[in-house]
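Engineer: My structure is below; once you've seen it, I'll send some questions.
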Amino acid sequence: MDERVPATGSNLVGNARVIDGDTLAIEGKRVRLHGIDAPESDQTCLDGGRRWPCGRRSTRALRDRVAGDTVRCVGDEEDRYGRLIAVCYADGTNLNAWMVEQGWAVAYRRYSTEFVGEERKAESAGAGVWRGRFVMPWEWRRGERTGG
């Protein structure tokens, strides 16, 4: 059980619908997972010279992880799109940390260094996107693409 964030701020609890690898919807409210950035839905990565849909795989990993679980999100601010920025838990697991440690998201150092340790573990293990080459999600949104 990883309860790094104190239970202060807004608590949003319910069944989660996964929008993508770093965004959920609970009770009609969108939630952006704090401190992480997942590949964009249409993003591809390279593994041994072959492209694979890492963005869709990231989304599927989060969807599979929360399936059937009640999700609790804790946060106290919103981003410019009106999404609650939060750390979310399912069955006692910190989903933000889990996504990074599994290699389906990276630590979003621009906003937090909280998940850098999990990112290092994923990179060392060659997990998720770390199994080959990829463009960081924030660079992908700016138009950069993985060559090959």
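Engineer: Going by C-beta contacts inside 10 Å, put V71, V13, V106 in order with the fewest on the left.
Structural biologist: Ranked by crowding around the Cβ, least crowded first: V13, V71, V106.
Engineer: Then there is this: For R110, project a label point 7 Å along Cα to C-beta. Then give me every residue of the range 126-147 with its amide nitrogen under 19 Å of that point.
Structural biologist: Backbone N within reach: 134-146.
Engineer: Further, regarding this structure: Tell me the angle of helix 116-125 to the major Cα principal axis of the chain, expressed in degrees between 0 and 90 and rounded to the nearest ten.
Structural biologist: Relative to the chain, helix 116-125 is tipped by roughly 40 degrees.
Engineer: Sticking with this one: Order by neighbour count: Y108, Y81, fewest other Cβ atoms within 10 Å first, most last.
Structural biologist: Y81, Y108
Engineer: In the chain, with Lys and Arg counted as +1 and Asp and Glu as -1 at Cβ, which of these residues, P53, Y89, G103, has the Cα nearest the positive end of the dipole, that is, farthest along it?
Structural biologist: My answer, from the dipole projection, is P53.
Engineer: Could you give the distance between the Cα centres of the range 10-46 and the range 119-148, to the whole Å?
Structural biologist: Between the Cα centre of the range 10-46 and that of the range 119-148, the gap is 18 Å.
Engineer: While we're looking at this one, here's another question. Taking only DSSP H segments of four or more residues, each worth -39500 (n - 2.57), what value at 222 nm results for the chain once the sum is divided by all its residues, to the nearest 500 deg cm²/dmol?
Structural biologist: Numbers: 4 runs with 35 residues, N = 148.
Result for the chain, helices only: -6500 deg cm²/dmol.
Engineer: Let me ask something additional. Taking every DSSP beta bridge with both residues inside the chain, roughly what % is antiparallel (nearest 5)?
Structural biologist: If I count the DSSP bridges inside the chain, around 90 percent turn out antiparallel.
Engineer: Something else about it: Rounded to the nearest 20 debye, what is the charge dipole size of the range 93-148 about its Cα centre when +1 sits on each Lys and Arg Cβ and -1 on each Asp and Glu Cβ?
Structural biologist: So the magnitude is around 220 debye.
Engineer: Can you give the charge dipole size of the chain about its Cα centre, rounded to the nearest 20 debye, using +1 on the beta carbon of Lys and Arg and -1 on the beta carbon of Asp and Glu?
Structural biologist: Value, rounded to 20: 560 debye.
Engineer: Can you put D20, D37, D79 in order of Cβ neighbours within 10 angstrom, beginning with the fewest?
Structural biologist: Ordered by Cβ neighbours within 10 Å, fewest first: D79, D20, D37.
Throughout, read-outs are computed from the coordinates displayed, never taken from laboratory work. Being a predicted model, the structure only gives us computed values, none of them experimental. Here the Cβ is made from the backbone with ideal geometry for all residues, glycine too, and neighbour counts use every protein chain on show.
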